[in-house]
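Step one of this worksheet: look at the structure below.
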Amino acid sequence: MNILVVNGPNLGAIGRRQPGIYGSKGFDELPGVLTRILGDREKQIRWRIYQSNHEGELVDRLEQAVDEGVNGLVLNAGALTHTSLVLADCLAWIGIPCVEVHLSNVWARQEPIRQTSLIAKHCIGSVSGFGLTGYGLAFLALMEHMSSQSG
Ligand code: DQA
């Protein structure tokens, strides 16, 4: 499997940004989290990570993923989750199975807009509230999804 992790605006600052909400781990700790959660299954995948603060660059990267043969997306679009018809339109056509991830539990957050996702309907599912662990859970979900599709 070829999985691309895509992080949107302000997610480059995780570890420093509001640790009470988003946790104190940075994405440099993601490889260790994935190894712990995936165990031997990690050998079945190749994965890369991309982050941008810019909506159009995220679309460019997702389009590039199609050409690269990426067959699973783990997407934390940050605040663009709640506002971006642009990203929703992109996910609607690229046809790559995508899991929506949020570090925080968006359902328990104060601002009602955080309970809205324009991208959710284009994803196979979502994970919210487990910090970096949620990315590992998204990998597992994608792997199960792929094996159920091929079996
Ligand atoms: C987030 C939740 C969003 O509401 C917020 O705008 C983010 C991060 C999360 O990972 O919890 O930037 O996607």
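The values are calculated or read from the model by the stated rules, or taken from the named source; none is laboratory data. Bear in mind that the values here come from a model prediction, so they are computed numbers and not experimental data. Here the Cβ is made from the backbone with ideal geometry for all residues, glycine too, and neighbour counts use every protein chain on show. With ligands, DNA and RNA removed, areas are computed over all heavy atoms of the protein, side chains included. Shrake-Rupley method; radii C 1.70, N 1.55, O 1.52, S 1.80 Å.
Summary table below
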{"quantity": "Nearest-0.05 FRET efficiency for Leu85 and Arg36, computed from C-beta distance (R0 41 Å)", "calculated": "0.65"}
{"quantity": "With DNA, RNA and ligands ignored, accessible area of Glu57 (1.4 Å probe; Å², nearest 10)", "calculated": "90 Å²"}
{"quantity": "Cβ-placed point charges (K, R +1; D, E -1), dipole of the chain about Cα centre in debye, nearest 20", "calculated": "480 debye"}
{"quantity": "Relative contact order [Cα under 8 Å, 6+ residues apart], region 1-85, whole percent", "calculated": "55 percent"}
{"quantity": "Within region 70-88, backbone nitrogen closer than 20 Å to the virtual label 7 Å beyond the Cα of Ala120 toward Cβ", "calculated": "73-88"}
{"quantity": "Whole-percent carbon and sulfur share, accessible surface of region 80-130, 1.4 Å", "calculated": "58 percent"}
{"quantity": "Length added when fully stretched, Glu144-Asn53, from 0.36 nm per residue minus Cα-Cα", "calculated": "29.7 nm"}
{"quantity": "Gyration tensor verdict on region 31-83 (Cα atoms; rounded if a/c is under 1.5, prolate if a/b is larger than b/c, oblate otherwise)", "calculated": "oblate"}
{"quantity": "Residue list for region 73-96, given a label point 7 angstrom along the Cα-to-Cβ vector of Asp67 and an amide N cut-off under 16 Å", "calculated": "94"}
{"quantity": "Heavy atoms of Leu30: accessible area, 1.4 Å probe, square angstrom to 10", "calculated": "0 Å²"}
{"quantity": "Accessible area expressed per residue, the chain, with surrounding protein chains retained (probe 1.4 Å, Å²)", "calculated": "49 Å²"}
{"quantity": "In nm, spacing of pseudo-spin labels at Leu137 and Met1 (7 Å Cα→C-beta vector)", "calculated": "1.6 nm"}
{"quantity": "Given charges at Cβ of Lys, Arg, Asp, Glu: region 2-150 dipole, positive-most of Trp107, Leu4, Gly125", "calculated": "Trp107"}
{"quantity": "Per residue convex hull volume, Cα atoms of the chain, in Å³", "calculated": "102 Å³"}
